[in-house]
Amino acid sequence: MVAAIYANLILNGAKTFSEVPKMLQKQVKEVLTELGCEELAK
């Protein structure tokens with residue numbers, strides 16, 4: 001799942017949420033929320 005890859009990149013500091021393509025942001029936010037890191041989805 002591409003959203004999980006982006007979430008992992010965000011968690012590792014390689015990307016920020018604003019760098020995630022708009023069409024994937026909702027899915028990435030859901031993954032980050034499931035991992036307890038919703039604050040990174042801003």
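Of note:
- Kirkwood hydrodynamic radius of the chain, from inverse mean 1/r over distinct Cα pairs, in Å: 9.6
- When +1 charges are put on Lys and Arg Cβ atoms and -1 charges on Asp and Glu Cβ atoms, the dipole computed for the chain relative to its Cα centre reaches about 160 debye.
Where a number appears in this text, it was derived from the coordinates with a stated rule and is not lab data. Here the structure is a predicted model, which means the values were calculated and not measured. Every residue, glycine as well, gets a Cβ built from its backbone with ideal geometry; the counts of neighbours run over all protein chains shown.
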